[in-house]
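The values are calculated or read from the model by the stated rules, or taken from the named source; none is laboratory data. Bear in mind that the values here come from a model prediction, so they are computed numbers and not experimental data. When we count neighbours, we look across all protein chains shown, and the Cβ atoms used for this are built from the backbone with ideal geometry, even at glycine.
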Amino acid sequence: MRWVLWLSAAAAAVSASSLPTSRQVAFQAPEMSEPVDIVDMMAHEAHKKKIPLNAALEPVAPASHFRGSWTWTPCDYADAAVSVYSIETSPDPPVKGQNLTVRGVGDVHSEISEGATFDVQVRLGPLRVFSQKFDLCETLRENNVTVQCPVAPGHYDVTHTVYLPQQIPPAKFGIHVTGQTQDSRLIACLDFTVSFMRFVERWRAKLGWT
C-alpha cells in the first residue's frame, strides 16, 4: 500500500536533502552530498537561525494514533481514494541504523494508475528539511513493493522494509504526506511525528544538563 511506502520513504528522507523552510531560511544542500554532510549543514543552519533541534512540533490532532515514539494522523478527507485503518512498525519505536518494517492496512476505493504521485515533506521543528514529489508507480516498482500499478479497488494488508540511516540527527520530525491520482484526485493524506530524542534525553539526565 502506498502509505507503507510513504512512511518508508519519509523515514529515510529525514537524513538528507534541501532546506527551504517556513521561516524563509535560504539554504540549498549541494547535489550529491553524503547524508552525513547534509545533516551537519542542516544542524549548522538551524543553529544560525536559533532553532533548537528538539523544537516542539505543532500540536497533533486528537485523532492521532500514538505508537512508541511516533504518531500518525489521517487528514480525514471523505473523498480520498484510500482509507488507512492501521499502521504498525517493527521495531517500535524505530531505531537508527536498523531495518524498519512498516505494515499498513486499508481500503482502495478507486483504481490508481500510472501518473499518480505522492509528496513528502519533513520538518525538524519549524525547519523544513525535505520536500519532494515522487512518481508513485515508479517508486513501487523500484522498491519491489508487493502492490504494483494499476492498483485495483479492494482491501489491502501490505508490509515493506527499509533501512533507517545511522546519520538521522537526534531530533523530533514532523512528516506530511499527500498523494494524487493520475487525474489529480486525492489518494490519501497523512501526518506523522517521529522522535529520535530518547538517546539524547537519557544522556542529558545522566550528565545533569538542564
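Pairs meeting the criteria (first residue in segment 182-207 and modelled with pLDDT under 90, second residue in a strand (DSSP E or B) and of a type in the set (Phe, Trp, Tyr), beta carbons under 6 Å, at least 6 apart or on different chains) are 194/70; 194/173. Of everything in segment 68-84 that is of a type in the set (Gly, Ala, Ser) and either in contact with a Pro (Cβ under 6 Å, 6 or more places away or on another chain) or modelled with pLDDT under 85 (or both), the residue that is nearest to residue 153 (Cα to Cα) is 78. Residue 152 falls short on exactly one of the conditions (1) under 17 Å from residue 84 (Cα atoms); (2) of a type in the set (A, V, I, L, M); (3) modelled with pLDDT under 95, and that condition is (3). Of the set (1) among the hydroxyl-bearing types (Ser, Thr, Tyr); (2) out of contact with any strand residue (DSSP E or B) (no Cβ under 7 Å at 6 or more places or on another chain); (3) over 26 Å from residue 166 (Cα atoms), all apply to residue 146 but (2). Tallying residues that are of a type in the set (Ser, Thr, Tyr) and over 14 Å from the mean Cα position of the chain (by Cα) within segment 120-140 yields 1.
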